[in-house]
Amino acid sequence: MDMLKTGWNFFQNEVLGMAWLNRLIGNLINACGLDATSKIGGSIQFFVYDFLFTTQSKSWCC
């Protein structure tokens, strides 16, 4: 049962929640010399993630 729960949590967080994309954007921001934990770096990370997440979600439904 724990294995099923672990598998579901992974699917929910990584695939549906796109946590991998958030980490990738954070790594790209860090590679550009910005700190992803600062206000400006975090704002850029959120904007890019939200833009990509929203445009990808809309392409699935219509």
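The table for this structure:
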item: Condition met for ASN13 (at pLDDT 95 or above and within 12 Å of the chain's Cα centre (by Cα)); result: no
item: Criterion (of a type outside the set (Phe, Trp, Tyr) and at pLDDT below 90) met by exactly one of LEU34, LEU21; result: LEU21
item: Selection count where residues are part of a helix (DSSP H, G or I), under 17 Å from GLN56 (Cβ atoms) and in contact (Cβ under 8 Å) with a residue 12 or more places away in the chain, scope the range 1-44; result: 3
item: So THR55, is it loosely packed, with under 10 Cβ neighbours inside 10 Å and among the β-branched types (Val, Ile, Thr); result: yes
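The values are calculated or read from the model by the stated rules, or taken from the named source; none is laboratory data. No experiment lies behind these values; they were computed from the predicted model shown. So basically every Cβ, Gly included, is an ideal-geometry build from the backbone, and we count neighbours across all protein chains shown.
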